[in-house]
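Some notes on the structure that comes next.
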């Protein structure tokens with residue numbers, strides 16, 4: 001009787017993942033995407049913090065701009081995490097994991113508006129660099145869905161960095 005129940009459980013188990021990408025390559029890509037997720041979530045928190053705390057003559061403009069940016073980042077973390085899961089690995093989801101994986105440092109205190117913009121430019125560009133580092137792994141594995149995700153993220157972050165940087169020019 002126990003053998004029949006064990007056989008039924010095995011029959012119901014999910015089949016192994018076979019996406020045409022070897023498990024070791026999927027794992028390396030998932031690790032790279034985990035760093036991208038950590039950077040994205042860290043920048044989300046920083047941007048949301050700045051949205052709450054910005055002040056000065058550009059308050060209304062920056063408050064609304066930062067809100068648009070953190071909303072976009074909130075959607076992005078979901079897309080990145082879901083791609084990691086589709087590759088068959090758990091997505092990191094704790095502050096501890098993000099602190100370990102992220103290349104974006106936390107900001108102590110509340111900087112002035114000019115410094116907030118500068119720090120967000122740095123964060124946007126850091127995400128682009130992180131995404132670029134994952135591309136060789138994705139290309140080698142012919143992982144087009146991950147390549148598409150990385151390309152889209154890089155486009156968003158490069159454009160956002162440009163727009164923020166324009167606010168710093170005299």
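Here are the numbers for the structure shown:
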{"item": "Hits in segment 123-144 - residues which are exposed (fewer than 15 other Cβ atoms within 10 Å of the Cβ) and either touching a strand residue (DSSP E or B) at 6+ places or on another chain (Cβ under 6 Å) or under 14 Å from residue 102 (Cβ atoms) (or both)", "result": "129, 133"}
{"item": "Elements of type helices (runs of 4 or more DSSP H) in segment 34-150, at least 2 residues being closer than 18 Å to residue 162 by Cα", "result": "59-86, 113-140"}
{"item": "Which listed residue, of 79, 149, 73, is in contact (Cβ under 8 Å) with a residue 40 or more places away in the chain and either surrounded by 19 or more Cβ atoms within 10 Å (Cβ to Cβ) or farther than 30 Å from residue 20 by Cα (or both)", "result": "149"}
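Every read-out reported here was derived from the displayed coordinates using simple, explicitly stated rules and does not represent laboratory data. Note that the structure is predicted; figures quoted are calculated from it, not measured. Quick reminder, even Gly has a Cβ in these numbers, built from the backbone with ideal geometry, and neighbours come from all protein chains shown.
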